[in-house]
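Accompanying notes for the structure given below.
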Amino acid sequence: MKMIRKTLLILALPLFLFSCTDLNVPPIDVVQDSDIFGSEAGIDSYMARLYSQLPIEDFRYTPLRGLNHFWIISPTSAVTGEALSRDQTSAITEGAPYWNDAYSLIRDVNYFLETLPEYEENFSEFEINSWLGEVYFVRAVTYKALAKRYGGVPIVESVLNYPEQSIEELRIPRSSEEDVWDLVAEDFDRSISLLLESNQTGRANRYAAAAFKSRAMLHAGTIAKYNDVSLFDDDNRLVGIPNDRAVDFFTQSYEAAKLLEGHYSLYMNEWAADDKEAQYQNFVNLFFSDNSPENIFVKEYSYPESVHGYDAYYIPRQLMGGNGYSSAICPTLDFVEMFDGLPKNENGQIDVFDENGNYRLFDNTMDFFADAEPRLRATVIFPGDEFKGENIEIRRGIYTNPDTEGGIPRILPEGSTIRYEDANEHIVSSTSATQTPYELYNGEVMNPAGLSGVFTSDNTNALSGFSIRKMLDPNLPQEYVLENRQDQTWIEMRYAEVLLNRAEAAYELHLSGQSEENYLQDAYEIINTIRERAGAVQLENSSQLNSIDIVRNERRKELAFENKIWWDLKRWRILHEEQNATYYRTLMPFYVEHEGKYFFDARLNENNYTYTFDTRWYYKEIPSNVISSSPNIVQNPGY
């Protein structure tokens, strides 16, 4: 009797919980095929193993450390311009390889596909089809994770065994990138045809497979259209996809997204028209609703078996937990400026000056953001906004010059990256959270930097002038704001992304001259649907949707800080343009001592974080151990 050749979950382990530690693995001669494939419970344990290894880039993913890592510092938002991070001060590529783990998971899938038929008399056709649909889903997601990193990779659709097969047989060369994406599409199609409309939370149903296919085919379509990197092995194009495949891939993405129409919808439980507060609260709550009509595929956490530390790392300094972490990412002004409702100049940048070139003064810092798009406020904590019942104090310092009658001119030259204290004697600031209160001229005292920073020598603070709000749990007790103590659910696929996939694919099809449907009108209606929920300005008609950047920017706003934008910027092939000796900008609030008011200063980040993306990084380096063990694997360009 055959025995399972890969490690399996112990049967007693609660199903579909993803542990933060390695599983205890029984000796392989203990668990036999009949133990697993002979019962529904055994197959459920196998499925739990597959799902636990699925490459979901969630709370525990960072480019430097890869999937399911203990620390969630330097997330993707720290290298996309969404945020600044004290732990990531330059552009990077993904440091951790995703190769061996992928092929281990693919082997588990192939083993299941080959072994289940031997035990099919124990189960109904309904059960068998459902399980097959799930494993095809897992394999498609895994090959997609490989293709978006490496381009063409070896395609393995059967279990490889040594010594039954020779070393040469096991040294499978890379397939073309085009063939890998086609396999991904085929596996998703198999999954869609076999799966039912509903499944247990954390497991794929028919619509999850369609949603993931829409994401995958959109990625492939943009590579076909925008990538200009090539690598050939004889006539086999290992890197890059022929341009003439773009329309096909965009069409597949569009049609897959349409399959979800009528089955999922945007979360609108607290939403109300013309009510910014309701729209703000609605966007906050969509990430914490157990029965949201928007959630398509989620990864559940449950303390103590499976945990993360999202809140502990990203919460504002004044609410820091016992581990001593906070504000690990801070949204940039560049990101904030993408949104509606803020005072901007003719270049689309934040305008902090009056008609005389002096800073505009505000009684309260939140007055500056009074008309801001509710979705932005639900994504970013503004200086002075409320979170967990506290006013989040964010200040760069106190402006002490008594001569303010004629207005306060620009403090630093435009484009400066030096610190305020080095250029202006009228700035009182704080180096750390242990700050000395400053006595104002009227006898009152004030902390120069507020309770959450900016502290010039202590990076546990709002170093950009903002703090993150999205996905922070407003009801998490303070004693739980600890590393590896949070257990809120990660939403890997939500309907908003599917709509945005559809809108982007539709607009690309419109640009390519396809006329089977009114693609422009469809994209326009979707963008307005997303904007309506967000509380953003609506497009008046489809003619205003006159650039792919409008569609892309809507995606960047809606999916920010969800580990999606990193891959979007790469597949659009624009990351090297956006990051070319780039300084991201910040917005610094100051209290004016002799006016009792506030002003804001927009500037380049004063930490001198500079970002330049290397075009080699659009494709990852294939691990050296793979090359050395299989000499017919060709390395990617530039490595």
Quick check of the Kirkwood formula: for region 393-463, what is the inverse mean of 1/r over all pairs of different Cα atoms, in Å? 13.0
Pull out the extension gain between Ser90 and Asp422, defined as 0.36 nm times the separation in residues minus the alpha carbon to alpha carbon distance; nm, one decimal. 117.1 nm
For the Cα atoms of the chain, what angle does the longest principal axis make with the long axis of helix 495-511, in degrees from 0 to 90, nearest 10? 90
Considering amide H positions built from the backbone, and no H for Pro or chain starts, which residues 5 or more places from Val592, or on another chain, come under 5 Å of its amide H? Tyr399, Lys597, Tyr598, Phe599
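Wrap a convex hull around the Cα atoms of region 448-489, take a quarter of its surface area, and give that in square nanometres. Mind showing how you got there, number by number?
Details: hull surface 16.1 nm².
For region 448-489, averaging the hull's shadow over all directions gives 4.0 nm².
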Cβ-derived FRET efficiency at R0 45 Å, Gln478 paired with Asp403, nearest 0.05: 0.55
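Within 10 Å, count the other beta carbons around each residue, average over each peptide in 62-68, 333-339, and list them highest first.
Details: 62-68: 19.4, 333-339: 21.6.
So the peptides 62-68, 333-339, ranked by packing, come out 333-339, 62-68.
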Amide H partners (placed H, <5 Å) of Phe353, local residues excluded: Arg360
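Of the peptides 599-606, 121-128, how do they stack up when ordered by the mean number of other Cβ atoms within 10 Å, highest first? Intermediate values should be presented prior to the final figure.
On the way: 599-606: 21.9, 121-128: 12.0.
Ranked from most to least packed, the peptides come out as 599-606, 121-128.
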Give the angle, between 0 and 90 degrees and rounded to the nearest 10, that separates the Cα long axis of helix 276-285 from the longest principal axis of the Cα atoms of the chain. 40
Alpha-carbon radius of gyration plus Dmax, which is the widest Cα pair, for the chain in Å: 26.1, 90
Tell me the label-point distance for the pair Ser193, Ser515, using the 7 Å Cα-to-Cβ offset, in nm and rounded to one decimal. 3.3
As I understand it, the value is the acute angle between the Cα axis of helix 100-115 and the longest principal axis of the Cα atoms of the chain; what does it come to in degrees, rounded to 10? 40
From the gyration tensor of the Cα coordinates in region 228-347, what semi-axes in whole Å does the equivalent ellipsoid have, largest first, with each one equal to sqrt(5λ)? 36, 24, 23
Whole-Hz ³J(HN,Hα) for each residue in region 250-258, computed from phi via Karplus 6.51 cos²θ - 1.76 cosθ + 1.60 with θ = phi - 60°, x for glycine and proline: what do you get? 4, 5, 4, 4, 4, 5, 5, 5, 5
Need one number: % antiparallel among DSSP beta bridges in the chain, to the nearest 5. 90
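Taking region 376-462, which chymotrypsin sites (Phe, Trp or Tyr not before Pro) meet the DSSP loop condition and have no more than 15 other C-beta atoms within 10 Å? Please report the intermediate quantities before stating the final value.
Values: sites: Phe387, Tyr399, Tyr420, Tyr438, Tyr441, Phe455; in loops: Tyr441.
In loop regions of region 376-462 (DSSP not H, G, I, E or B), the sparsely surrounded chymotrypsin sites (Phe, Trp or Tyr not before Pro) are Tyr441.
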Lysines whose Cα lies under 23 Å from that of Lys557, excluding same-chain neighbours fewer than 8 positions away: Lys148, Lys213, Lys258, Lys276, Lys299, Lys344, Lys470, Lys570
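Would you kindly state how much longer the chain becomes between Asn347 and Gln544 on full extension, computed as 0.36 nm times their sequence separation minus their alpha carbon distance, in nm to one decimal? Write down the numbers at each step before the final one.
Numbers: separation 197, 0.36 × 197 = 70.92 nm, distance 1.86 nm.
Additional length available on full extension: 69.1 nm.
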Would you mind checking region 153-185 for residues with the amide N under 19 Å from a putative spin-label position 7 Å along Cα→C-beta of Glu118? 157-165
Shape call for region 281-325 from the C-alpha gyration tensor, a ≥ b ≥ c root eigenvalues: rounded (a/c under 1.5), prolate (a/b greater than b/c) or oblate? oblate
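Below 8 Å, C-alpha to C-alpha, sequence gap of six or more: please give me the relative contact order for the chain in percent.
Values: 1204 pairs, mean separation 114.4, N = 639.
Reported as a whole number, the value is 18 percent.
In which sequence would Met493, Met366 go, from the one with the fewest C-beta neighbours within 10 Å to the one with the most?
On the way: Met493 24, Met366 17.
In order of increasing Cβ crowding within 10 Å: Met366, Met493.
At 0.36 nm per residue, minus the direct Cα-Cα distance, what do Thr201 and Glu532 gain on full extension? Give it in nm, one decimal, please. All intermediate terms of the calculation are to be shown ahead of the outcome.
Details: separation 331, 0.36 × 331 = 119.16 nm, distance 2.86 nm.
Stretched out fully, the Thr201 to Glu532 stretch lengthens by 116.3 nm.
Hey, could you grab the Kirkwood Rh for region 407-509? Inverse mean 1/r over distinct alpha carbon pairs, Å, one decimal.
Numbers: mean 1/r = 0.0540 Å⁻¹.
About 18.5 Å, per the Kirkwood formula over Cα pairs.
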Under the Karplus relation with 6.51, -1.76 and 1.60 and θ = phi - 60°, whole-Hz ³J(HN,Hα) for region 412-421, x at Gly and Pro, equal 10, x, 4, x, 6, 10, 7, 6, 4, 5
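How large is the translational diffusion coefficient of region 326-410 in µm² per second when you combine the Kirkwood radius over alpha carbon pairs with Stokes-Einstein at 20 °C and 1.002 mPa s? Could you put the intermediate results ahead of the total?
Values: Rh = 14.6 Å.
Estimated via Stokes-Einstein, D reaches 146 µm²/s.
What GluC sites (Glu not before Pro) does region 388-422 have in DSSP loop regions with at most 13 other beta carbons within 10 Å? Please report the intermediate quantities before stating the final value.
Numbers: sites: Glu390, Glu393, Glu405, Glu414, Glu421; in loops: Glu393, Glu405, Glu414.
Here the GluC sites (Glu not before Pro) that fit, given the DSSP loop and packing criteria, are Glu405, Glu414.
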Ellipsoid equivalent to region 92-190 - semi-axes via the Cα gyration tensor, in Å: 25, 18, 12
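Mind ranking 571-577, 511-517 by how tightly packed they are, going by the mean number of other C-beta atoms within 10 angstrom, highest first?
Values: 571-577: 17.6, 511-517: 11.7.
Peptide ranking by packing, descending: 571-577, 511-517.
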For His263 and Asn358, extending 7 Å from Cα along the Cα-Cβ vector and measuring point to point gives, in nm, a value of 6.2
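Taking region 143-242, how much of its Cα-Cα pair set, in percent, is spaced more than 23 angstrom apart? If you can, show how the numbers build up before the last one.
Numbers: 1915 of 4950 pairs.
In whole percent, the share of Cα-Cα pairs in region 143-242 beyond 23 Å is 39.
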Inter-label distance, nm, simple model (7 Å from Cα along the C-beta direction), Trp567/Thr612: 2.9
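Using the Cα centre as the reference, give the magnitude of the dipole from point charges on the C-beta atoms of the chain (Lys, Arg: +1; Asp, Glu: -1; all else neutral), rounded to the nearest 20 debye.
Details: 55 positive and 100 negative charges, 205 e Å.
About 980 debye.
Every number in this text was worked out from the coordinates using simple rules, so none of it is lab data. Just so it is clear, the model here is predicted, and its values are computed rather than measured. All Cβ positions, even for glycine, are placed from backbone atoms using ideal geometry, and neighbour counts span all protein chains on display.
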